[in-house]
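There's a structure below that I have some questions on.
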Amino acid sequence: MYIRTTGKPTKTQLKLCKEAVKFFGKKLLGETLYHKINLKIEFEKLDKKNAYAYCEWEFENHRSRDFILTIDNTLNTKQTLLALAHEMVHVKQYAKGELKDYLKVNKSKWKNEIHDLTEIDYWDCPWEIEAHGREKGLYVKFLEHLRGLSKK
């Protein structure tokens, strides 16, 4: 995975964020797909009423390999790592073709089922259920990984 960043988190080391993204990517994408992903992480102030973080693809909508993660730069370390884990689940979903957005018609395709985004609540979207469900486990596994590194 090729990672580039813009901006910096104010309460978390950038090096830790990159290490986390690499860890999450390897867990979610597998070795072959992991090496094909280009990721830009933008740390900037976001309006927390709407979002702490979001994931976008670049260029191609079907099984994209180029992504931008935008993360609120004022989150604390735990929030930042959880947000990165959550958004990396979305990277996996797009990269594997599980999720595809049809922005002009406000619909998304999740595992061959079309969802009208005007008729489904954010919390009921299956891709969000997966991302929210996996973020904490990925976070915990990353902390275990860090503890293992510190014992070496």
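Nothing in this text is a laboratory measurement; each read-out follows from the coordinates by a stated rule. Predicted model only: the values in this text are computed from it and were never measured. Cβ placement follows ideal geometry from the backbone for every residue including glycine, while neighbour counts extend to all protein chains displayed.
Determine, for Tyr54, Tyr122, the number of other Cβ atoms within 10 Å of each Cβ, and report the residues in order from fewest to most.
Least crowded to most crowded, the residues run Tyr122, Tyr54.
What nm distance separates the two modelled labels at Asp116 and Val140, each placed 7 Å from Cα along Cα→Cβ?
Roughly 3.9 nm, to one decimal.
Straight-line reach from Lys11: which lysines fall under 18 Å, measuring Cα to Cα and dropping same-chain residues less than 8 apart?
Cross-link targets: Lys45, Lys48, Lys78.
With springs only between Cα atoms under 10 Å apart, run a GNM on the chain and tell me which of Ile68, Ile41, Ile129 wobbles the most.
Residue with maximal mean-square fluctuation among Ile68, Ile41, Ile129: Ile129.
7 Å from Cα along Cα→Cβ at both Asn76 and Ile129: what's the point-to-point distance in nm?
If labels sit at Asn76 and Ile129, their model points lie 3.1 nm apart.
Identify which of Glu56, Glu42, Glu113 has the largest mean-square fluctuation in a Gaussian network model of the chain, with springs joining Cα atoms closer than 10 Å.
The residue with the greatest mean-square fluctuation here is Glu113.
Which value in nm describes the separation of the simple spin-label points at Arg147 and Lys96, placed 7 Å from the Cα toward the beta carbon?
Result for the modelled spin labels: 2.7 nm.
Sticking with this structure for a sec: Determine the percent antiparallel among the DSSP beta bridges restricted to the chain, to the nearest 5.
50
Over segment 54-152, what relative contact order in percent results from Cα pairs under 8 Å that are six or more residues apart?
Over segment 54-152, the number comes to 23 percent.
Helix-only mean residue ellipticity at 222 nm, the chain, DSSP H runs n ≥ 4 weighted -39,500 (n - 2.57), per residue, nearest 500. What is it?
So the calculated ellipticity at 222 nm is -15000 deg cm²/dmol.
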